[in-house]
1. Could you say whether any residue in region B:47-70 is polar (S, T, N, Q) and within 12 Å of chain A (Cβ to nearest Cβ)?
2. Just a yes or no: is a residue in region A:256-278 crowded, with 20+ Cβ neighbours inside 10 Å and within 14 Å of chain B (Cβ to nearest Cβ)?
3. Could you tell me how many of the residues in region A:392-405 are among the hydrophobic types (A, V, I, L, M, F, W, C) and at the interface with chain B (Cβ under 7 Å from one of its Cβ atoms)?
4. Can you work out which of the residues in region A:467-512 that are of a type in the set (Val, Ile, Thr) and in contact (Cβ under 8 Å) with a residue 24 or more places away in the chain is farthest from A:Pro410 (Cα to Cα)?
5. Just the residues that are surrounded by fewer than 19 Cβ atoms within 10 Å (Cβ to Cβ) and within 23 Å of the chain's Cα centre (by Cα), please, taken from region A:240-249.
6. I'd like to check something: does region B:117-124 contain any residue that is polar (S, T, N, Q), out of contact with any Phe, Trp or Tyr (no Cβ under 9 Å at 6 or more places or on another chain) and in a loop (DSSP other than H, G, I, E, B)?
7. Could you please find all residues in region A:180-225 being within 14 Å of chain B (Cβ to nearest Cβ) and small (Gly, Ala, Ser)?
8. It is to be established whether one or more residues within region B:104-115 are within 9 Å of chain A (Cβ to nearest Cβ), assigned to a helix (DSSP H, G or I), closer than 12 Å to A:Gly403 by Cβ and in contact with a Pro (Cβ under 8 Å, 6 or more places away or on another chain).
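The values are calculated or read from the model by the stated rules, or taken from the named source; none is laboratory data. These numbers were taken from a predicted model, which means no experiment stands behind them. We place every Cβ from the backbone using ideal geometry, glycine too, and count neighbours over all the protein chains shown.
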Amino acid sequence: MGTGVVIGIIFAFAAYYALRPNADTTNFYNQQNKALLAAMFAWSIGFLIGIGAFIGPFRWLIGKDLTAEEQLYLAGDGQGIKRYFKYCTDHKVVGIQYLVGVMAMLAVGGTMAMMIRTSLAVPGGHFIGATIYNSLVGLHGITMIVAMIIVATGPFGNYIMPIMIGARDMAFPRLNALSWWVLFTAIPVLCSAWFLGGIPTGWTAYAPLSVQAGPGMNAFIATIIIFAISTAVAGMNITATVVTMRAKGMKWNRVPIFVIGSTMSVALAIPAFPTFMLAMVQTATDRVYNTGFYDANVGGSGWLYAHLFWIMGHPEVYVILLPGIAILMEIAPVFVRKPLFSYNAAVMGFAGIAGLSVLVWAHHMYISGWTPTLNGPFMVTTEMISVPTGLLFLVMLGTIWRGKPWMKLPMLGLFAVIWNLLIGGITGIYLSDVPADNYLHGSMYVTAHFHYTLMGAALTGAVSGLAYWFPKMTGRMLNEKAGYTAFWFTQIGFQILFLGMFIAGAEGQPRRVVSFASMYKYYNMISTGGAYLVGTGFIILLWAVIHSWRKGDIAPQNPWGAKTLEWTVPYPVPLENFDETPVITSDPYGYGRGN
Amino acid sequence: MTTQNPNPSSNPSSNPSSAHEDQQLAPTPGQRVTTLLKRTDVKRTLIFGIFWTAVFVVLGLYAYPKWMPEVMSTDMKAMERIIVGFTVISAPIAGLVLGIATQALTNRHKGNTPPPDGPAIRTNGPVVIVWSIVSGIFCLIAVVWGLVELNTFANAATIDERTALHVEVTGSQWVWSFKYPDLGVQSDKLMLPLDRPVFFDVTSVDVNHSFWPLQLGIKVDANRLQTTHINTTPDKLGRIDVKCAELCGLYHAYMETTGEVMTTADFDNWVTTNGGHIA
């Protein structure tokens, strides 16, 4: 990793030096954008070369493929803790790397959120001023979006999923490590935005503001392009693994629901994220070469950007939501000792959402004026998503019906999500209605809605997953008292924070504003109070994770009495997971009397 | 275990336990309902469900209208009706979902060992079908209502244009300006006459903005070198707040202005005072 950093920095400086604008440069800003973008990509490529990401293909290219010992070395065999800082192909190592990476991103994004809410405690925006505030809003947004995309499929899709399907590793272990380290290179790139003057746009980076923006925008653009590569690789890897490497006897109707939900999520991501990448590439060329894709002066259009963005942006929120819900569906049967209610309805729910989600994107553009006649059809497709979403509720509720829920940490999230997704879903229906959206679009109501779904539902599901799989990933139990405390602080704080925000939005407060009219001050102050409770809760959770990881109670092999395959292996999980890959004869939901 | 056991029925009243089955008639639907209602979990779900339904009904009927601004046009009225209506319609759904969840919480297992096994219910065909159909119906209601409202807007657009007032709205970083081309007036405040249809032609000179006169219940983006259109008819006197609803750079938060819906006489007065001529 050290080599990677050094080589990456060398490449970055070399690229910038080669392309930097000087006194004679015409089009100074175009050239500066070019130099900065080149430096950022050079950093990424240089780091990957330095860390040895390309050893495998390179050796294959020169006809000296890696030997078995070398592959074992690459898999981290016998290297102890150092393998977490290296290019390691063991999916369990990659899972832990993603876990720590996601936690770091949530911490950074969360700190930004606390700064935003602190500023919004009172009207006037004097705490940090408009430039920093606007940058905070945009960078908080993109940090959290990236974190949320990988929060469940990163740690658990990598660590747990292959064991769960009875495989020894993923289909493409080297690409697995690549997907993590590519993402890693994006993190300093994103952070560099702060040193380059921030960004004036939200995370949606609408043109023409994004083309007009200062040097910090290049960091955003480069982050997305790099991240899109990481996601494409990871998504393809997960899909290939689940399709081809299930253990003998694991027919599709015996696959754990977490695997189904995650696979559908990444399969949705594969067509979606390239359009975001494309949108950003065009923003970059507009900034560097004046290509004018989004410039109405030369025949381009900002609406082109909006379409490209939202064709990604809507599927993307379901990419985020599906794994979180799938985790809860995996957890519920274990803690009520009943089968998952209607596995088929769950699959249909996930499939329906994934399928419909590619048909709804222009509901983000109802008031853009691009083609009002098409608002109607998009309204219809958007409202139809409520039906498969309802099936997901049916499955969760049907599973807990007539059961006695064992309220250990993983189970708390299920009840929180039932509440949060209900509110998020219903308010989503209001927003999907065009006349209602005429008022609500661009207000804090929208912000509250998507925080309820992405944070209240998806993040809560992922944290439940952490509590559930903590024993298998760390060998220890997550501290229950601390976990409960964190749960109450975050969830109660969350309600105060965002219910207050719904009201401010209904009253007419626009979103992304550093200052607001005094009529909104009451609910903003309340929201900020809620935010501090949430922040406290997450700090407690962080403490709990770190403390339990180091000193928590040693966990038995199967503390929850669950029936999925990951609980049949000991901790530390052997390098290749199983001595003999299992043969499956039933689905993992055989709980309950009479089963 | 390679085969699944047939599902035990989830409705106990349809399983006669006596050995003299041939002498017992199958329970009537009325009897099934009564037996169902005797179950603790069903009773609790009903009570909690009614509570949560009431919460959402109060939210829709009382809270939302209180929070939202003055209703000063038919569009705003339609919009408020939708929000109130959708909240009340969704109330029984919320009631059912939260009722089941609350009930499950009251039945939670305490202790450090796993709870006893629950009934091995893998699915319930009729429940899945009924749930899907009912949610489809709710979806249909929302869709039809929305399409009807959209159609109303579209019709309004064709009928009123000849007598309408035209206002050209220009967004620029970071101010709104309003031009009344037929009247020869320009203003940074949005003054409108009561009960006269107004057509807004909206554009931007730089980046994307979004024209949002709160109390009129309409909104449309302002794009560079494009003109977007929106129309409404203000039907109540009073103050209008105009805000920008699309992040447009540094001072987006301050890109707001006010206006007023005034009587035709007052409006004509305003026009002539500001150098214009009455059409």
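1. No: zero hits.
2. Yes, there is a match, as at least one residue in region A:256-278 is crowded, with 20+ Cβ neighbours inside 10 Å and within 14 Å of chain B (Cβ to nearest Cβ).
3. 5
4. Once the filter is applied, the top-ranked residue is A:Ile496.
5. Across region A:240-249, the qualifying residues are A:Ala240, A:Val243.
6. So in region B:117-124, the residues polar (S, T, N, Q) come out as B:123-124.
From the residues that got through so far, the ones that are out of contact with any Phe, Trp or Tyr (no Cβ under 9 Å at 6 or more places or on another chain) too are none.
Scanning region B:117-124, I find no residue that is polar (S, T, N, Q), out of contact with any Phe, Trp or Tyr (no Cβ under 9 Å at 6 or more places or on another chain) and in a loop (DSSP other than H, G, I, E, B), so the answer is no.
7. If the condition is that a residue be within 14 Å of chain B (Cβ to nearest Cβ) and small (Gly, Ala, Ser), then A:Gly197, A:Gly198, A:Gly202, A:Ala205, A:Ala207, A:Ser210, A:Ala213, A:Gly214, A:Gly216 are the ones that fit.
8. Within region B:104-115 (the criterion being within 9 Å of chain A (Cβ to nearest Cβ), assigned to a helix (DSSP H, G or I), closer than 12 Å to A:Gly403 by Cβ and in contact with a Pro (Cβ under 8 Å, 6 or more places away or on another chain)), the answer is yes, since at least one residue qualifies.
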